[in-house]
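Written out below as C-alpha cells is the structure these notes cover.
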2 protein chains.
Amino acid sequence: VAAPAEIADAAREFGWPLVLKARRNGYDGKGNATVRGAEDIAGAWEKLGAGRRELFVEQWCPFVKELAVIVTIGRDGSSAVYPVVETVQRDHICHRVFAPAPVAADLGGRAATLAQRTVAAVGGIGSFGVELFLTAEGTILVNELAPRVHNSGHYTIEACVCSQFENHVRAVLGWPLGATAMVAPAAVMVNLLGAGQGPGRPVGLEAALAVPGAHVHVYGKSVSAAGRKMGHVTALGATLDEARARAEQAAQHIRFGGNT
Amino acid sequence: VAAPAEIADAAREFGWPLVLKARRNGYDGKGNATVRGAEDIAGAWEKLGAGRRELFVEQWCPFVKELAVIVTIGRDGSSAVYPVVETVQRDHICHRVFAPAPVAADLGGRAATLAQRTVAAVGGIGSFGVELFLTAEGTILVNELAPRVHNSGHYTIEACVCSQFENHVRAVLGWPLGATAMVAPAAVMVNLLGAGQGPGRPVGLEAALAVPGAHVHVYGKSVSAAGRKMGHVTALGATLDEARARAEQAAQHIRFGGNT
C-alpha cells in the first residue's frame, strides 16, 4: 500500500482488523501495526514512516495457537526437521516455547510437512525458523519465515541431539546434518527480556544458576532496554509442566535493567 | 628413589613388578615405566632421565577394572559429584569411557565417596578427575588425581545436565554448581588418537558426522602424532551397548595421520 486510502480499500476486501507491515526489517513486533478500524489508519500510517517505508497489509488471522518449526536444509538438499513447538508471544515478542507442542500427532505432522515445504519453496541453505498459526478450524497457516537460526529453536541447544546452531554450521559446510530428536520428553524455554535501561549483566544470576536443571543463557549484550532480548532459560523435564516449573523458577530470579 | 639400587631395595619390600614414576609432568603413560624384575631396572632408569628427574616407585596393583569420577568443588566448599564411570586404557592412554560404570550400586557409591574425600583432602577449587582401581577383592584404590577437567569426564558435555567444563567455570567464579545427573541412561566416549604424523584435520569426518547421535569432537591441534589425543566421540543410548555401537561406528571412520 502506498497511501492511507489503500488501507481503507483493503479493508473493503478483507474486513477489519488489518495488520499494516513494513516490507523490510521487521522483527519482534517492530514494523507492524494493527489497524482495527478506519480510525486507526492515520496513526498506523504515521507509526510506520508515513510513506517513507514500503508497506503492505495483511488480513487479520484469528488463531488459537502459534506453532513453530526449525528446518535445516543441507547443501545436498537434505533436510532436518525439528519437533513442532508451541510459542507464546507477549507484546509481539516470543515469550515461552513449549517443546514438543501439546497438539495431536497428526496436527504436528501437518505442521512439520508445511514447514519443510515452505523452506524448500524459497531455497537456501542452513537453519530456518518457520512460524505458524493454528486456527480454531485446525487450519495451519504460515505466519513468518526467518532465514536463520531462530528464537523458537534455542531450546534445541540442550533438548535435541544436534542443535539448530550446529546443524546450521553443518549445512553451510556441506556436512551431513545431525539428528533432531529430543533427548528428553519435554523442554521449555523462557525468554529473559530487559525490564528497562541498564547494564547487560543481570542481577539474580547466581540464584538462577542454583535452580537444578535450569540452563541459563546470557547473551552478553552491552546494555539492557525495555523488552530487549537479553538471554533465555531452558529446562528439560519428564513433562512440559515439570520443565516449565524449572525454567520459570530460574527466570524469575533474573532481572536486566529497570527499577529493582 | 635417587639411584637404581633403591629400586631393588623397594622390590624387597613390595615384590615385583614395581612401577617407576616421575614425580612431575607425567600423563598418558609418559613418565612411567613398569619394572618387572631386576633386569628391567637399568632400562627404566635410563628411560626416565637417568637421575635427571625426581622419581618414585609404587607397588604393582593388580586391578580388575579402572573407574573414574569427576568431582567439582565450589568456592564455598560445595561439591558436585558426577556418575562413576569405567575407563578402559590402551597403551596407558584412556581409550573408552562407559557411563555409568557397569558395577553394583554399592560399589559405585563407595567409589563416589572415596573420590569426593580424595579431592576434599587436597583442597582446591574446580573440576578434578579421580582415577580409581577396583581389585578382585572389591577394594577401591585411588590411582591418580588430576587437578583439572579430565578425559574421563568429556562425556559430561552431552550426557550430563551441567558438564565438567561448565561446573569448573561456575566453581572458579564462585557460582552455584550445576546438576551432574545424566540426561540419558547411558553414554560411551571413544578417544580419537593419532595414527601417526600428519595434519590435525582428520580424514573421514563427514562419514562420522553422518552417524545419527554421534557427537564428534576434533580438538583443532595443528598436527597429529602416533597416540596423540586428537579428538573424541560421545554417544548416548538407552543402554551402554547401544551408546557404544553409535560411538564406535562414528569413531571408526576417522583417522588422524599415518598411512591410509
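For the reader, a short list of remarks on this structure follows.
- Subset of the range B:134-155 (residues that are farther than 30 Å from B:Val216 by Cα and of a type in the set (D, E, K, R)): B:Glu137
- Single residue of A:Ala50, A:Ala44 found to be under 26 Å from A:Ala226 (Cα atoms) and part of a helix (DSSP H, G or I): A:Ala44
- If you filter the range B:23-40 down to residues that are surrounded by fewer than 17 Cβ atoms within 10 Å (Cβ to Cβ) and assigned to a strand (DSSP E or B), you find that the one that is nearest to the chain's Cα centre (by Cα) is B:Tyr27.
- Every condition in (1) among the small types (Gly, Ala, Ser); (2) part of a strand (DSSP E or B); (3) free of Cβ contacts under 8 Å to residues at least 60 places away in the same chain; (4) within 12 Å of chain B (Cβ to nearest Cβ) is met by A:Ala208 except one, and the failing one is (2).
- Whichever residue in the range A:211-241 is in a strand (DSSP E or B), of a type outside the set (Gly, Ala, Ser) and without any contact (Cβ under 8 Å) to a residue 60 or more places away in the chain and, among such residues, is surrounded by the fewest Cβ atoms within 10 Å (Cβ to Cβ): A:Val223
Residue-wise test of (1) surrounded by fewer than 20 Cβ atoms within 10 Å (Cβ to Cβ); (2) under 15 Å from the mean Cα position of the chain (by Cα); (3) in contact (Cβ under 8 Å) with a residue 12 or more places away in the chain.
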{"residue": "A:Asn143", "(1), (2), (3)": "yes, yes, yes"}
{"residue": "A:Pro147", "(1), (2), (3)": "yes, yes, yes"}
{"residue": "A:Ser152", "(1), (2), (3)": "no, yes, yes"}
{"residue": "A:Ala159", "(1), (2), (3)": "no, no, yes"}
{"residue": "A:Gly174", "(1), (2), (3)": "yes, no, yes"}
{"residue": "A:Met182", "(1), (2), (3)": "yes, no, yes"}
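- Only one entry in B:Phe128, B:Phe133 is of a type in the set (Phe, Trp, Tyr), buried (at least 19 other Cβ atoms within 10 Å of the Cβ), modelled with pLDDT of 90 or more and part of a strand (DSSP E or B), namely B:Phe128.
- Verdict on B:Ala251 being of a type outside the set (S, T, N, Q), within 13 Å of another protein chain (Cβ to nearest Cβ) and buried (at least 19 other Cβ atoms within 10 Å of the Cβ): no
- Looking across the range A:211-230 at every residue that is more than 11 Å from chain B (Cβ to nearest Cβ) and either among the hydroxyl-bearing types (Ser, Thr, Tyr) or touching a helix residue (DSSP H, G or I) at 6+ places or on another chain (Cβ under 9 Å) (or both), the one that is nearest to A:Thr87 (Cα to Cα) is identified as A:Lys229.
- Only residues that are touching a Leu at 6+ places or on another chain (Cβ under 9 Å) and closer than 27 Å to B:Arg228 by Cβ were counted in the range B:1-35, giving 9.
- Number of positions in the range B:166-193 that are hydrophobic (A, V, I, L, M, F, W, C) and either away from chain A (no Cβ under 14 Å) or in contact with a Pro (Cβ under 9 Å, 6 or more places away or on another chain) (or both): 10
- Filtering the range B:166-205 to residues that are assigned to a helix (DSSP H, G or I) and either at pLDDT below 95 or not acidic (Asp, Glu) (or both) leaves B:Asn167, B:His168, B:Val169, B:Arg170, B:Ala171, B:Val172, B:Leu173, B:Leu205.
- Residue check for A:Ala44: modelled with pLDDT under 90, aliphatic (A, V, I, L, M) and open to solvent by less than 60 Å² (accessible area, probe 1.4 Å): yes
- Unique match (being surrounded by fewer than 17 Cβ atoms within 10 Å (Cβ to Cβ) and away from chain A (no Cβ under 14 Å)) among B:Gly200, B:Gly196: B:Gly196
- Selection status of A:Arg244, assigned to a loop (DSSP other than H, G, I, E, B), of a type outside the set (Val, Ile, Thr), open to solvent by 40 Å² or more (accessible area, probe 1.4 Å) and within 23 Å of A:Ala99 (Cβ to Cβ): no
The values are calculated or read from the model by the stated rules, or taken from the named source; none is laboratory data. Because the structure is predicted, anything quoted here is derived from the model rather than measured. Ideal geometry is used to build each Cβ from the backbone, glycine not excepted, and the neighbour counts take in all protein chains shown. Each accessible area value is taken on the protein alone, full model and side chains, heavy atoms only, with ligands, DNA and RNA left out. Shrake-Rupley method; radii C 1.70, N 1.55, O 1.52, S 1.80 Å.
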